Each structure stands twice: as C-alpha cells, then as structure tokens.
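Input: a single structure, listed below in structure tokens.
The values are calculated or read from the model by the stated rules, or taken from the named source; none is laboratory data. Keep in mind that this is a model prediction, so the values were computed, not measured. Glycine also receives a Cβ, built like all others from the backbone with ideal geometry; neighbour counts cover every protein chain displayed. The protein model used for the area step is the full one, side chains on, heavy atoms only, and it has no ligands, DNA or RNA in it. Shrake-Rupley method; radii C 1.70, N 1.55, O 1.52, S 1.80 Å.
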Amino acid sequence: MTIVRPVAESDLPAVTRIYAHYVTETVATFDETPPSRDEWRVKAAAITGTGAPFLVAEEDGAVLGYAYAGSYRPKPAYRHTLEDSVYLAPEATGRGLGRLLLGELIPAARLTGARQLVAVVAGSGEEAASLRLHAAFGFTEAGRLRGVGFKHGRWIDTTLLQLDLGS
C-alpha cells in the first residue's frame, strides 16, 4: 500500500537519489549537478519552513517519489504563487504515483493561502506524461518558452502551466 506523507529527514537519501537520476539522465530539470543530501536538507527546511508542502510517496518503507510546492520566484510580489515539482523513482513510473502525489499536493498548497500554482515542465517532446498529469488536475497552458535551456547537447523548451487555487 502506498502512503503519501510529509517528508522526513530520513527520506532525504531517497530524494537525493531520485532527483540525481533526473539531473544526470534527463532534461526534466535544468540542474546539471545533482544536489547533495545536505543541500536537500537545506532546501526541504526552506520549503517546509514557509508552511509549504513537501510530500513523499512511500511503499513498504521505500520512498518512490516526492512532490513539493516551493516559491515560484524570490521577489516579494510572487509570494502568493507556488511552483510544483513532482519526481518519481525511475522504477516507479507509470503506476499512478505522480497522480497520487499531485492529488495530495494541490490541496496542501491551497492551505498555504497561495492563489496560483505554477508548473514549469521542461522538455522538447518527452514531457507529454507530465503535461497530461497536470492537465488532469486542471492546469492550463500559460505559455511556452522555446530553447531556453541547453542540456545534454540540445536546446530545451519549457511549458508553463498554471492552476488557480482560489483566493
């Protein structure tokens, strides 16, 4: 049975490993060097310290994915907008865990008082699953930025998606 719960310090090795895969093997993130466990500790504390959600999907004691809603941009006027991130262990994709995590993340983001939830989906053709996942929860496309990232020898687009969380 899969449970979704808030991240704990003991989850950070799994979070670090999951994200490292996407950094080194995909264009889903524009990071080029995987953050260390200590960097994740700081990031998780910063996210949860603002009251924003950072969730993990756990099955039989193993963390198979995570999702969080962090600050969209650092400037003060963006304080009512969050950006979501959802990552699954490579062996756990295609099982509905992304849907489970995002389904829990959205109401948790609403509880923060945020008005908007933004997704920045990177890719130039391989991002269809992430776009479908977000569309299933009512996100709408707000724009596409072409060739804004360069990774693994190619230019990458980002699609901006937005969900109105209410006021």
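Output the number of residues of the stretch 24-46 satisfying the condition of being surrounded by 15 or more Cβ atoms within 10 Å (Cβ to Cβ) and touching a Phe, Trp or Tyr at 6+ places or on another chain (Cβ under 9 Å).
Matching residues across the stretch 24-46 total 7.
So which residues in the stretch 28-47 are touching a residue at least 40 places away in the same chain (Cβ under 8 Å) and more than 14 Å from the chain's Cα centre (by Cα)?
Of everything in the stretch 28-47, just one residue is touching a residue at least 40 places away in the same chain (Cβ under 8 Å) and more than 14 Å from the chain's Cα centre (by Cα), namely E32.
Which of the residues that make up the stretch 74-107 are in contact with a strand residue (DSSP E or B) (Cβ under 7 Å, 6 or more places away or on another chain), open to solvent by less than 60 Å² (accessible area, probe 1.4 Å) and either in a helix (DSSP H, G or I) or more than 27 Å from R146 (Cα to Cα) (or both)?
A89, A92, L97, G98, L101, L102, L105, I106, listed by residue number.
Checking A69 against (1) open to solvent by less than 20 Å² (accessible area, probe 1.4 Å); (2) more than 15 Å from R5 (Cα to Cα); (3) of a type in the set (A, V, I, L, M), which test does it fail?
It is condition (2) that A69 fails.
Note down all Cβ pairs under 6 Å where the first residue falls in the stretch 98-119 and is within 15 Å of V56 (Cβ to Cβ), the second is in a helix (DSSP H, G or I), and they're at least six residues apart or on different chains.
Within 6 Å, the pairs are G98/L133.
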